[in-house]
Amino acid sequence: MLEVYIDAASAGNPGPSGIGIFIKGEGHHIQISEYIGETNNHIAEFTALVRGLEEAQKLGSPLVSVRSDSKIVVASMEKEYVKNEEFKPYLEKALALATSFDLFFIKWVPDSQNKAADALARKAIQSKNS
């Protein structure tokens, strides 16, 4: 099983934003830190989810467990619904990607359990500002 930890960071809301993805399991130890431009924190969190699922899909694992400290992302995936129209394209893409796995789980975790992804997201903003 792959464990995919995702997080986003924004310097301002909206502001310069980055995503962090940390994938472990099945012999993998992948760290992704990407600057995604100016956006708000929720869009950045959904972007991290989509990118994390795309990366997990490339690895070909049938079992994927995503961990996020974003309550809106986790709740949206669990309910397969989001009120805000701005988030719908991201949710639809994430749900489509999730169906490509035999088993898919998403779980909310506190910030303290998501430090690796958080550090990668913050690094992405810092690298843009350097």
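Since every read-out is calculated from the coordinates, none of them should be taken as a lab result. For clarity, every value in this text was computed on a predicted model and none was experimentally measured. A quick note on method: Cβ atoms are made from the backbone with ideal geometry, for glycine too, and the neighbour counts reach across all protein chains shown.
Numbers for the structure displayed
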| quantity | calculated |
| --- | --- |
| Selection count, the range 117-130, where residues are touching a residue at least 12 places away in the same chain (Cβ under 8 Å) and either among the acidic types (Asp, Glu) or not in a helix (DSSP H, G or I) (or both) | 1 |
| Whichever residue in the range 96-116 is under 14 Å from the mean Cα position of the chain (by Cα) and in a loop (DSSP other than H, G, I, E, B) and, among such residues, is surrounded by the fewest Cβ atoms within 10 Å (Cβ to Cβ) | Val109 |
| Output for the range 35-52, where each listed residue is in contact with a strand residue (DSSP E or B) (Cβ under 7 Å, 6 or more places away or on another chain) and either part of a loop (DSSP other than H, G, I, E, B) or not polar (S, T, N, Q) (or both) | Tyr35, Ile36, Gly37, Glu38, Asn40, Ala44, Glu45, Ala48, Leu49, Arg51, Gly52 |
| Filter pass, Gly20 being out of contact with any His (no Cβ under 7 Å at 6 or more places or on another chain) and closer than 15 Å to Ala121 by Cβ | yes |
| Residue list for the range 57-86, restricted to those being touching a His at 6+ places or on another chain (Cβ under 9 Å), surrounded by 19 or more Cβ atoms within 10 Å (Cβ to Cβ) and assigned to a helix (DSSP H, G or I) | Val73 |
| Filter result (closer than 23 Å to Asp118 by Cα and in contact with a helix residue (DSSP H, G or I) (Cβ under 7 Å, 6 or more places away or on another chain)) within the range 68-94 | Ser68, Asp69, Ser70, Ile72, Val73, Ser76, Met77, Phe87, Tyr90, Leu91, Lys93, Ala94 |
